[in-house]
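Taking it in order: structure first as structure tokens, then the write-up.
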Amino acid sequence: MTPSSPRLNELQLAALARELDAIEAEARADLGEADLAHIRRVMRVAFVAEVAGRGLLAFGVDPLSFVLGTGALTLSKILENMEIGHNVMHGQYDWSRDPELDSRAYEWDIVSPSASWRHAHNFEHHTYTNVLGRDRDLGYNLVRVSAEQPWNPGYLVQPLTALGLGLFFEWGVALHDLRLEELRSGESSPREVWARARPFLRKAGWQLGKDYVFFPLLAGPNAPRVLLGNHLANLGRNLWAFAVIFCGHFPEGAEVFPEADLEDESRGHWYLRQLTGSANIEGGRAMHLLSGHLSHQIEHHLFPTVPAWRYPEMARKVREVCARWGLPYNTAPLGTQLRSVARKLLRHALPTRPRRPEPEPTAAEAPTPARPPIAA
Amino acid sequence: MTSPLPRLPRLPPLPWLSARDRLADAARRLFLDRQARFWLRALDPLLDPSGLRARVRRVVEETADVRTFVLEPGPGWRGHRAGQHTTIEVPIDGVLTRRCYSISRAPGALAITVKRVPGGRVSGWLHDHLHAGAVIGLSPAAGDFVLPEPLPPRPLFLTAGSGITPALAMLEELARRDALGGATLVHHARSREDVIARGWLEGLAREHAGFRLVPLLDDAPDGPPGFEPQRFRALVPDFAERATFLCGPPGLMTRVEALYASAGASGRLRRERFVAARPAVSAPSAAARVRLARSGQTVTLEGPGSLLEQLERAGVRPEHGCRMGICLSCRCEKLAGVTRDHDTGATSEEPEPIRLCVSTACSDLELDL
Ligand SMILES: Cc1cc2nc3c(=O)[nH]c(=O)nc-3n(C[C@H](O)[C@H](O)[C@H](O)COP(=O)(O)OP(=O)(O)OC[C@H]3O[C@@H](n4cnc5c(N)ncnc54)[C@H](O)[C@@H]3O)c2cc1C
Ligand code: FES
């Protein structure tokens, strides 16, 4: 762990875990029709926006309908990916047994196939959040976001790399899930990589076919307009997802952890790692909804299977816990977090050096909560 | 030794045969299917292409604790035979929950008749929340508790409580086909007021001379209650020669089964059970046996830990990731049995997917592994 957060001993970690568990249990006990009403309302908006967007693009002739159509399509894609797809695939609605909200059955409107993304994301990223060498989402192997990642001259151009990754984020995520680098290291045989690549290629083909062939052709003479609108909507969605996700893990203050931390890791330490490895974005309801509530990345990492629209309410309790335990709670408006990520990307483009590790804590040094934790 | 047959080259699928499937596949990959579902459902929930639906037309108060829900099925409904049942699906606190109900009307109409079970989750919800206009899910009609063809000459119906529902459908069918003449219904209820569809039954007895209606009422001054063997033999001396349809609570069923067995007439008895045998719920520490549906193997789970750990110890290697309930890699269909999810604290009694790494067995199980 990097030194900015206080170090807790195992007893304190267990108490912390009990408090966070209690917040989750309370939310879970309340699950019901309100959660389904929420997600179905968002789905309704996304469906209507998609039809409206595609309609305006296909049938309009003026620039205004082009702008509105592209906007509506972008909105629908953002909602579908962020609030619906991502959260459904986390199993946040599995309890309802609704086949349309089943984490295994859901397929999203993005080039990476759900099944491979689910494994890479739900397992590797959420279990090993910000652990060097284990969380492959740490900089997506393309950019260097901490001094602990070994430097090479390629990182000198990483501000440009990051921009490219932002524009083609869905492709970045999909390629990332293929783990091509394992081919070079010998961890995966070409056959294994091919087995991973096939579903991706098939899905990507259909995705390209949909937005760049099928819908443009359907519009007849308006094909170029539809093609451009679809492309802009994809780019817009990509940039937005990239911004939200980078702000969630890589602003200043978000910590990275050595692999040794995983050994016999307690629930409390896992919680602490999620808490200190994530960052929130402050904003209004629109910000939360459009980010799929990843504006509450901290709560999402603490409670990944709780319906995300409950994070704002849970955040109040999490912040109270953090304040009492003297734990950092990284939150700032979008602009601040983006600037912070940009600074980090610029700084680590150069060969920065990691800080020295701190000595092990003793019980006396570790902080005690201001008042006794609630008994579970 | 027989020589192996030469292996034929596999022919490519005929394009026109799978055109429909291919179209459906393409629609799914272009995400047109969910748009179509959404708009059809907005137009009329009965048109929902993702499953059969029915709209509640009317709710009829049968007795103090029994209601009939008259249903109008969507276009996918393929009809039923008198005596069959359907599985309905309703959202209770947002959770889709299923239960079986016999169809209480003859083909051509659709209705279910539900008794409120004390503490019952679904029957209570149906009574309290299901009103005219609501739309519910249902499965195609199923079951072989039906009138045989050709119709038996003197059918005998032995029912109790809500067990009368499939008999109502069969009696209606017999009446419609003018074959009610030799039929007898022996029905057990607490009191006259508790007899479901009493008015209709009495009318039926008036109109069809040969139809015999025998109510056995707990509050009647004469005779012992229910299907006491001696009384039953006196009431229907020729029972062993008649095609018999039995439906009621487990106690009654066992008693009548014994009676028919002793008369050597078990072959004449058709039965419908309303209660699925509940798995014996064991203490969490007890060893549970798990049938693995895909491999056909059965293993015994012992010792501490989650189902995932116990299965691994038994030599089964289910897919997994985080081992702490967040990645869903270990999510697998539980086909039968009761488990407890230690993450949510919920007990799972019905067939549904569970997370092996945070669940423990509360009974013997069947898993889709
Ligand atoms: C083929 C078939 C046809 C049927 N037809 C009809 C019909 O026409 N009309 C009708 O009214 N019913 C019918 N049933 C019964 C119906 O399906 C339901 O079982 C019934 O309505 C009770 O469901 P519930 O959800 O209300 O009760 P549940 O919540 O399932 O509880 C049922 C009873 O078990 C008790 N119980 C609950 N949980 C447990 C547990 N873990 N261990 C032990 N006991 C427990 C409850 O207190 C209650 O007494 C039929 C069933 C079948 C299988
Ligand atoms: S192994 Fe990850 S949820 Fe069970």
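The values are calculated or read from the model by the stated rules, or taken from the named source; none is laboratory data. Given the structure is predicted, the values throughout are model-derived calculations rather than measurements. So basically every Cβ, Gly included, is an ideal-geometry build from the backbone, and we count neighbours across all protein chains shown.
At a glance:
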item: Scope the range A:87-100; condition buried (at least 20 other Cβ atoms within 10 Å of the Cβ), facing chain B (nearest Cβ under 10 Å) and out of contact with any Leu (no Cβ under 8 Å at 6 or more places or on another chain); matching residues; result: A:MET89
item: Residue among A:LEU175, A:LEU201 that alone is within 24 Å of A:PHE246 (Cβ to Cβ) and part of a helix (DSSP H, G or I); result: A:LEU175
item: Every residue from the range A:192-238 that is within 30 Å of A:MET287 (Cα to Cα) and of a type in the set (Val, Ile, Thr); result: A:VAL226
item: Residue match in the range B:248-271 (condition: touching a helix residue (DSSP H, G or I) at 6+ places or on another chain (Cβ under 6 Å), within 16 Å of ligand 1 (Cβ to nearest atom) and either at pLDDT below 85 or not β-branched (Val, Ile, Thr) (or both)); result: yes
item: Test: residue in the range A:160-169 that is crowded, with 18+ Cβ neighbours inside 10 Å and at pLDDT below 90; result: no
item: From B:ASP364, B:ASP343, residue being among the acidic types (Asp, Glu), out of contact with any Asp or Glu (no Cβ under 7 Å at 6 or more places or on another chain) and within 16 Å of ligand 1 (Cβ to nearest atom); result: B:ASP364
item: B:GLY337 vs. criteria away from ligand 1 (no atom under 16 Å from the Cβ) and either under 27 Å from the mean Cα position of the chain (by Cα) or of a type outside the set (Val, Ile, Thr) (or both); result: no
item: Evaluation of B:VAL275 against (1) of a type outside the set (D, E, K, R); (2) part of a loop (DSSP other than H, G, I, E, B); (3) closer than 30 Å to B:ALA240 by Cα; (4) away from ligand 1 (no atom under 16 Å from the Cβ) (one fails), failing number; result: (4)
item: Restricting the range B:288-332 to residues that are under 26 Å from A:THR305 (Cβ atoms) and of a type in the set (Gly, Ala, Ser), the residue that is nearest to ligand 1 (Cβ to nearest atom); result: B:ALA288
item: Condition met for B:ARG99 (within 26 Å of B:SER50 (Cα to Cα) and basic (Lys, Arg)); result: yes
item: Test: residue in the range A:306-323 that is assigned to a loop (DSSP other than H, G, I, E, B) and surrounded by 21 or more Cβ atoms within 10 Å (Cβ to Cβ); result: yes
item: Boolean, B:ALA280 is modelled with pLDDT under 95, within 25 Å of the chain's Cα centre (by Cα) and surrounded by fewer than 19 Cβ atoms within 10 Å (Cβ to Cβ); result: yes
item: Strands (runs of 3 or more DSSP E) lying entirely in the range B:81-190 (those with 1 or more residues that are without any contact (Cβ under 8 Å) to a residue 40 or more places away in the chain and touching a helix residue (DSSP H, G or I) at 6+ places or on another chain (Cβ under 6 Å)); result: B:85-92, B:95-102, B:184-189
item: Residue count, the range A:119-133 (criterion: over 14 Å from A:ALA254 (Cβ atoms) and either assigned to a helix (DSSP H, G or I) or within 15 Å of ligand 2 (Cβ to nearest atom) (or both)); result: 9
item: Only one of B:GLU302, B:GLU366 that is away from ligand 2 (no atom under 13 Å from the Cβ), more than 14 Å from chain A (Cβ to nearest Cβ) and more than 26 Å from the chain's Cα centre (by Cα); result: B:GLU302
item: Residues of the range A:192-215 classified as of a type outside the set (Phe, Trp, Tyr) and within 25 Å of A:GLY133 (Cβ to Cβ), total; result: 5
item: When residues of the range B:149-186 are limited to those that are crowded, with 23+ Cβ neighbours inside 10 Å and of a type outside the set (A, V, I, L, M), the one nearest to B:THR63 (Cα to Cα); result: B:SER162
item: Test for B:ALA346: is it among the hydrophobic types (A, V, I, L, M, F, W, C), at the interface with chain A (Cβ under 9 Å from one of its Cβ atoms) and either farther than 19 Å from B:ARG294 by Cβ or touching a Pro at 6+ places or on another chain (Cβ under 9 Å) (or both); result: yes
item: Total residues in the range A:255-275, condition within 13 Å of another protein chain (Cβ to nearest Cβ), touching a strand residue (DSSP E or B) at 6+ places or on another chain (Cβ under 7 Å) and crowded, with 21+ Cβ neighbours inside 10 Å; result: 1
item: Only listed residue being modelled with pLDDT of 90 or more and under 22 Å from the mean Cα position of the chain (by Cα), chosen from B:LEU40, B:LEU32, B:LEU71; result: B:LEU71
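Let's see how each residue does on (1) surrounded by fewer than 18 Cβ atoms within 10 Å (Cβ to Cβ); (2) in a strand (DSSP E or B); (3) in the same structural domain as B:SER102 (by TED's automatic domain parsing):
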{"residue": "B:ALA258", "(1), (2), (3)": "yes, no, no"}
{"residue": "B:ALA261", "(1), (2), (3)": "yes, no, no"}
{"residue": "B:GLY305", "(1), (2), (3)": "yes, no, no"}
{"residue": "B:GLY315", "(1), (2), (3)": "yes, no, no"}
{"residue": "B:GLU319", "(1), (2), (3)": "yes, no, no"}
{"residue": "B:GLY325", "(1), (2), (3)": "no, no, no"}
{"residue": "B:LEU335", "(1), (2), (3)": "yes, yes, no"}
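Conditions tested, residue by residue: (1) within 22 Å of A:ARG7 (Cα to Cα); (2) surrounded by 17 or more Cβ atoms within 10 Å (Cβ to Cβ); (3) basic (Lys, Arg).
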position	(1), (2), (3)
A:GLY283	no, no, no
A:MET287	no, no, no
A:GLY292	no, yes, no
A:HIS296	no, yes, no
A:HIS301	yes, yes, no
A:GLY326	yes, no, no
A:THR331	yes, yes, no
A:LEU334	no, no, no
A:VAL341	no, yes, no
